[in-house]
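Notes follow the structure.
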Amino acid sequence: MDNKEREIKELNKKIGTSNTVILKLQEDLGEIAFADDSEKKGESLANEKLKEIEAIDKKISEEHNRIQEILNAVERADEIEALRKSLNDKIRSIEQDNMSNYETIGRAGYEAYKHGELPEERYAEFFEEVVKLKLHIEELELEKSRLEDSINSLTLFKRVKAGARTLYLKNSISGNYRLLQKDYKKSGEKLCHSELVMNLEAESVEHAMKPFKENLAGLEKLEKESIALSSENEQLKGSLEGLGAGANAVRTVSQIEKDVNDYYYLRKGKLREIGELLFLNQKDPVVKSPKAKNILKDIEKENVSINEYQNEISRYEAEMEIERQNREIEQLNKKINGYEEKIQTYSQEADQLKERISNAVEDIKKLEGTAKPGDKKND
C-alpha cells in the first residue's frame with residue numbers, strides 16, 4: 001500500500017467518525033424538538049414524527065411497568081412459598097405436640113371415667129380397650145403374686161416350673177404395659193377428635209386437654225393464614241398469566257427487555273430522522289433555541305469537514321489514476337518501440353531479399369544472352 005492509499009484510508013476513517021458525530025448531533029436535535037413544549041411545536045414539519053416518538057415512549061413505559069409487575073409478582077410468590085413452608089413446619093410441630101399429648105389426655109380421661117366423673121353411657125367406647133387390657137394385666141399380676149407367695153412351699157421341680165412361669169408373667173406384664181400406653185394414646189386421640197371434646201365434664205380431663213385446645217386454636221389461626229396465602233398465590237398466578245408470564249416468568253422478562261431495546265433503537269432512529277429534517281429546514285419553529293442553533297452549526301461543521309475529506313480523496317484518486325494511466329502509456333510505448341525494432345529488422349531483411357532477387361534476375365539475363373541461336377534446349 002503506497003502513501004496515497006494510506007491517506008485515503010485515513011480520510012475514510014475521518015469521514016466515518018464525522019458521520020457518527022452527525023448522527024449523535026441529529027439525535028440530540030431530535031431530543032430538543034421532542035422536549036419543546038411551546039405552542040409552535042404543532043407547526044413543526046417534524047410534528048408527525050414527534051408523535052411517533054411519544055407512542056414509542058408510551059410503549060417503553062408500559063413494558064417497563066409490565067416487567068416491574070412481573071418481578072413484583074414473582075418476588076411475592078417466592079415470599080409466599082417461604083411463608084407457607086414456615087407455616088407448614090409450625091403446623092407439623094403443633095400436630096406432633098398434640099400427638100404427644102394424646103397419652104396424657106387418655107390417662108386423665110380413663111382415671112376420670114374410672115372414678116365416675118365421666119358418664120359411662122357416653123364414654124365407655126373411648127376406654128373399652130384400656131379396660132380390657134387393665135383387667136388382663138390385673139389377672140397376670142394376680143397370678144404372678146400367687147406364684148411368688150407359694151413358691152417357697154413347692155417341690156424343687158414345681159419351684160423351677162413356677163419360676164419359669166413367673167418370669168413369663170413378668171415379661172408379659174411389661175409388654176402389656178407398653179400396649180397400655182398405646183391404648184391410652186388411642187383413647188386420648190378419640191377424645192380429642194370427638195364431639196365431646198369441647199365439654200369433657202371433668203376438671204382433671206379439661207386440665208389435661210388445655211395444651212391440646214390451645215394448639216387447636218393455634219392450628220386454626222395458622223390454617224387460616226395458609227388459606228389466605230394460597231388464595232393470594234392463586235391471584236398472583238392469574239396476574240402473571242394476564243401479564244403473559246404464566247409459563248416462564250424469567251423467559252418472558254428476557255423477551256420484554258429485548259423488545260424494549262428494539263423500541264429504544266427505533267426511537268433513536270426516529271430522533272435522527274427528526275434531526276436530519278430540522279437541519280434541512282433550519283427555520284422550523286422547534287429549532288429556535290441557542291442550544292439547537294449550536295447543534296446545527298456543529299452539524300454544518302462536520303459536513304464541511306466531510307466535503308473536504310471527500311475532495312482530498314478525489315484528488316488522491318485522480319492523482320493515482322493519472323499515475324496508473326502514465327504507467328499504461330509507458331508500457332504501451334515500450335511495446336511500440338519493440339514493434340518498431342522488429343519492423344526495422346523485417347525491412348532490412350526485405351531489402352536484402354530484394355537485392356538477392358535482383359541479382360538472380362541479372363544472372364538469368366546474362367545466361368540467356370550467352371546462349372547460341374539454334375541450340376536446343378535440354379528437356
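The values are calculated or read from the model by the stated rules, or taken from the named source; none is laboratory data. These figures come from a predicted structure and were not determined experimentally. FYI the Cβ positions are ideal-geometry reconstructions off the backbone, even for glycines, and counts take in every protein chain you see.
Descriptive notes on the structure:
- Qualifying residues in region 232-254 (those that are loosely packed, with under 13 Cβ neighbours inside 10 Å and of a type outside the set (D, E, K, R)) - the one modelled with the lowest pLDDT: Ala247
- Selection status of Leu167, under 16 Å from Glu111 (Cα atoms), free of Cβ contacts under 8 Å to residues at least 60 places away in the same chain and either surrounded by fewer than 13 Cβ atoms within 10 Å (Cβ to Cβ) or not aromatic (Phe, Trp, Tyr) (or both): no
- Which listed residue, of His136, His207, is surrounded by fewer than 14 Cβ atoms within 10 Å (Cβ to Cβ) and not charged (D, E, K, R): His207
- Selected residue (criterion: surrounded by the fewest Cβ atoms within 10 Å (Cβ to Cβ)) from residues of region 31-81 that are small (Gly, Ala, Ser) and within 21 Å of the chain's Cα centre (by Cα): Ser61
- Residue within region 245-258 that is closer than 26 Å to Glu39 by Cα, out of contact with any strand residue (DSSP E or B) (no Cβ under 6 Å at 6 or more places or on another chain) and without any contact (Cβ under 8 Å) to a residue 60 or more places away in the chain present: no
- In this entry, Ala350 is excluded by the filter for residues that are surrounded by 10 or more Cβ atoms within 10 Å (Cβ to Cβ), within 60 Å of the chain's Cα centre (by Cα), of a type in the set (A, V, I, L, M, F, W, C) and in the same structural domain as Asn3 (by TED's automatic domain parsing).
- The residues on offer are Gly163, Gly175, Gly188, Gly218, and the sole one that is closer than 17 Å to Glu128 by Cα and of a type in the set (Gly, Ala, Ser) is Gly188.
- Some residue of region 82-96 being among the basic types (Lys, Arg) and surrounded by 12 or more Cβ atoms within 10 Å (Cβ to Cβ): yes
- Region 66-94 residues that are touching a residue at least 40 places away in the same chain (Cβ under 8 Å), paired with ones that are in a helix (DSSP H, G or I) and of a type in the set (S, T, N, Q) (beta carbon under 7 Å, 6 or more apart): Ile70/Thr252; Ala73/Ser239; Ala77/Asn233; Ile80/Asn233; Arg84/Ser226; Leu87/Ser226; Ile94/Asn215
- Ser172 in a helix (DSSP H, G or I), farther than 30 Å from Ala77 by Cα, of a type in the set (Gly, Ala, Ser) and modelled with pLDDT under 90: no
- Residue within region 244-256 that is closer than 17 Å to Leu25 by Cβ, in a helix (DSSP H, G or I) and of a type outside the set (S, T, N, Q) present: no
- Filter result for Ile329 (within 44 Å of the chain's Cα centre (by Cα) and either touching a residue at least 24 places away in the same chain (Cβ under 8 Å) or in a helix (DSSP H, G or I) (or both)): no
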